[in-house]
Amino acid sequence: MSDDKELGFATKAIHAGQRPDPATGAVMTPVYFTSTYVQQAPGVHKGYDYARTVHPTRSALEANLAALEGARRGLCFSSGMAAIATVVQTLRSGDHVVCCEDLYGGTYRLFTQVFQRFGLSFSFVDAADLSAVEKAFSAQTKLLWIETPSNPMLRITDLRGACQLAHRHGALAAVDNTFASPALQRPLALGADLVVHSTTKYLGGHSDVVGGCVLANDEGLYERLKFLQNAVGAVPGPMDCFLLLRGTKTLPVRMERHCQNALAVAKHLLAHPEVERVHYPGLAHHPGHETAKAQMSGFGGMISFELKGDLSRAKRMASGTKLFCLAESLGGVESLIGHPATMTHGSIPREQRLKSGLVDGLIRLSVGLEDAADLVADLDAAIAASL
Ligand code: P1T
């Protein structure tokens, strides 16, 4: 991969990890539908022994994703949750994790309803406030877990400062970079030890595959994660890897348009008389705007906002759009609208949700690549109809 590291981001998106197939000249990476490989003698083979352990389509994707995040190593998983679980599985019973309090509901559920049963403990803090993060560390803290921008409040954490804090306390810093994608933010360069993605989202980009990945620079850490990838076995299939390789080729151009459209929608909502509050790091009033500007090259495609009026109005509005599909997930070419309190973040107790500002009426948008004027008109019509 060393030659790929010298190339620009868009070039890496298309070429990193991929070469024309030496056997046939096929330009696109073949989808190897095989679970095993012939051996010349017991233990004598071409480096491939069993497809859970190593798979050529997956290896191409892992090299591609590593290059995009500026990482030495990449590992792919069957979902974002599987990737996150594998990072946590590097810990031991008794270890403590400091986490941002605003985060994907499924991550909160995994931490509190699965891993807490195995003797791990988790503290959830406002990671936009580094002094709150610092206070949460104890002698047992082994991991800092950050989402920035966070899901769904679009909070911004100063990654350089947060990673320094983790290291000062002898902990590793892991960043879920799903909302930004490596096109807009590269946490390893800001001091993170691990980057995690739900590749289901911007990296795939077309809402047709579920996947996850972990990227790292440290060889020892990579070896521990690689061991778990094989020992636990939550690996993606070859077709999923192919779809993701197809997706990452257009990541830089898609993200540019996501950013443009989201900014146009956010500005429109901010000026709308029926809108109470807009959360988008690209808006000057957003508390994390300056930090986002310093550590991201664009503000992304995710927005959340509150309408004036009650919860039932918010639900009516979220059900009333025609172009925005009412659906979980994000990061695809098509626009989606969601109601976090009952959908993506329903597994977080209400008091905990409210602590991070996730009110019952919050609406979340994944702004797609359609014409911005059509998206704005769709939202306006749904807001008007919800009155
Ligand atoms: O869905 P999966 O590929 O397992 O990824 C989980 C995940 C991890 N991290 C973040 C920041 C996420 O947003 C997600 C999944 N999120 C949604 C499905 C959603 O609608 O928010």
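The values are calculated or read from the model by the stated rules, or taken from the named source; none is laboratory data. Everything numeric in this text was worked out from a predicted model, so none of it was measured. A quick note on method: Cβ atoms are made from the backbone with ideal geometry, for glycine too, and the neighbour counts reach across all protein chains shown. For the accessible areas, the whole protein counts, side chains as well, though only heavy atoms, and no ligand, DNA or RNA atoms are used. Shrake-Rupley method; radii C 1.70, N 1.55, O 1.52, S 1.80 Å.
Before moving on, here are some points about what is shown:
To keep it simple, each residue is scored yes or no on (1) over 20 Å from the mean Cα position of the chain (by Cα); (2) open to solvent by 10 Å² or more (accessible area, probe 1.4 Å).
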{"residue": "L188", "(1), (2)": "no, yes"}
{"residue": "L215", "(1), (2)": "no, no"}
{"residue": "R246", "(1), (2)": "no, yes"}
{"residue": "A266", "(1), (2)": "yes, no"}
{"residue": "P273", "(1), (2)": "yes, yes"}
{"residue": "A284", "(1), (2)": "yes, yes"}
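- Pair list, Cβ under 6 Å, 6 or more apart: region 358-387 residue within 16 Å of the ligand (Cβ to nearest atom), other residue open to solvent by less than 40 Å² (accessible area, probe 1.4 Å) and assigned to a helix (DSSP H, G or I): I363/A314; I363/A318; V367/N261; V367/A262; V367/V265
- Which numbered condition T342 fails, given (1) under 22 Å from N177 (Cα atoms); (2) surrounded by fewer than 21 Cβ atoms within 10 Å (Cβ to Cβ); (3) within 16 Å of the ligand (Cβ to nearest atom): (1)
- Exactly one residue among A13, A85 is surrounded by 14 or more Cβ atoms within 10 Å (Cβ to Cβ), within 29 Å of L130 (Cβ to Cβ) and of a type in the set (G, A, S), and that residue is A85.
- All of (1) β-branched (V, I, T); (2) open to solvent by 40 Å² or more (accessible area, probe 1.4 Å); (3) within 13 Å of I383 (Cα to Cα) hold for T321 with one exception: (2).
- Qualifying residue in region 109-120 (condition: over 30 Å from S335 (Cβ atoms) and touching a Gly at 6+ places or on another chain (Cβ under 7 Å)): yes
- Being in a helix (DSSP H, G or I), of a type outside the set (G, A, S) and more than 17 Å from L188 (Cβ to Cβ) holds for only one residue in T57, T29, T24, T34, and it is T57.
- Figure legend. Inter-residue proximity from region 221-240: first residues more than 19 Å from A71 (Cα to Cα), second residues basic (K, R), beta-carbon distance below 8 Å, spacing 6+ or different chains. Indicated pairs: N230/R52; G233/R52; V235/R52; V235/R58; P236/R58; P238/R58.
- Selection count, region 332-346, where residues are touching a Ser or Thr at 6+ places or on another chain (Cβ under 9 Å) and not in a strand (DSSP E or B): 7
- If you check S35, S78 for being modelled with pLDDT of 95 or more, within 13 Å of the ligand (Cβ to nearest atom) and surrounded by fewer than 19 Cβ atoms within 10 Å (Cβ to Cβ), only one passes: S78.
Residue-wise test of (1) among the hydroxyl-bearing types (S, T, Y); (2) more than 20 Å from the chain's Cα centre (by Cα).
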{"position": "V88", "(1), (2)": "no, no"}
{"position": "R117", "(1), (2)": "no, yes"}
{"position": "S123", "(1), (2)": "yes, yes"}
{"position": "L130", "(1), (2)": "no, yes"}
{"position": "V133", "(1), (2)": "no, yes"}
{"position": "T141", "(1), (2)": "yes, yes"}
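- Just one of (1) open to solvent by 20 Å² or more (accessible area, probe 1.4 Å); (2) out of contact with any His (no Cβ under 8 Å at 6 or more places or on another chain); (3) touching a residue at least 12 places away in the same chain (Cβ under 8 Å) fails for R313. It is (1).
Residue by residue, here is whether (1) within 15 Å of the ligand (Cβ to nearest atom); (2) in contact with a His (Cβ under 8 Å, 6 or more places away or on another chain); (3) under 26 Å from R246 (Cβ atoms); (4) free of Cβ contacts under 8 Å to residues at least 60 places away in the same chain holds:
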| position | (1), (2), (3), (4) |
| --- | --- |
| I14 | no, no, yes, no |
| Q18 | no, no, yes, no |
| G47 | no, no, yes, yes |
| S59 | no, no, yes, yes |
| I84 | yes, no, yes, no |
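- Flag if L165 is over 30 Å from S297 (Cβ atoms) and not hydroxyl-bearing (S, T, Y): no
- The residues of region 335-387 that are over 16 Å from C325 (Cα atoms), among the β-branched types (V, I, T) and touching a helix residue (DSSP H, G or I) at 6+ places or on another chain (Cβ under 7 Å) amount to a single one, I348.
- For A174: the one exception among (1) outside any loop (DSSP other than H, G, I, E, B); (2) closer than 30 Å to P252 by Cβ; (3) open to solvent by 60 Å² or more (accessible area, probe 1.4 Å): (3)
- Subset of region 89-139 (residues that are within 13 Å of the ligand (Cβ to nearest atom) and either surrounded by fewer than 16 Cβ atoms within 10 Å (Cβ to Cβ) or not assigned by TED's automatic domain parsing to the domain that holds A171 (or both)): R109
- A residue that is of a type in the set (A, V, I, L, M, F, W, C), within 18 Å of F324 (Cα to Cα) and within 16 Å of the ligand (Cβ to nearest atom) occurs nowhere in region 193-212.
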